[in-house]
Amino acid sequence: MQQAKAPFKWRFLFYREVAAISATYPNLNGTSFPENIDSFPKKTEPGIEDLTKIEQYHAKYAAHDLAGANAILSTYPELKTMLINAETLNQYRDAIIAIETYYKYQYETYLANTTKQIIINQNQPSGQLKDDIWLEVIS
């Protein structure tokens, strides 16, 4: 009698890619914003055809063969598109914090310093047509 194979259990795949560091926010090493727009690779769902490769990777990782596990990722780079790991989440975190910080401390200041205050002037300038609206810039 053949024994049933244990159901596949999803485990994390671990790898590391180096991201560009922001000159404006050097403490956020997972983003290059605002100097550049970050590029995050799209993620994909593993298909049935990927399970054997993933199982090979997990076998190497479980045997503490990190070089072998990384070799599998090098051989099958599409596996990296199926990962969500701490590195991925930290890149998203750093990008979000950079955007929030930029908006809070730089963009709001920029708007306050560059937008003009406008009032409606009660004195109609010469050359205006009836029912035209005219404004006066005061700052």
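Stretched out straight at 0.36 nm per residue, the stretch from Trp134 to Ala67 would grow longer than its current Cα-Cα span by 16.9 nm. Panel values: region 29-83, Kirkwood radius from alpha carbon pairs, Stokes-Einstein at 4 °C and 1.567 mPa s, translational diffusion coefficient 101 µm²/s.
Label sites at Thr44 and Glu78, each approximated as a point 7 angstrom past Cα along Cα to Cβ, lie 0.5 nm apart. Once the Cα-Cα distance is subtracted from the 0.36 nm per residue extended length, the Glu108 to Ile37 segment shows a gain of 23.6 nm. With coordinates expressed along the principal axes, the C-alpha atoms belonging to region 23-114 extend over 59, 25, 16 Å, beginning with the largest.
Laboratory data are not the source of any read-out in this text; all were calculated from the coordinates shown. Since we're looking at a predicted model, the values are computed, not measured. Positions of Cβ are backbone-derived with ideal geometry, glycine not excepted, and every protein chain shown enters the neighbour counts.
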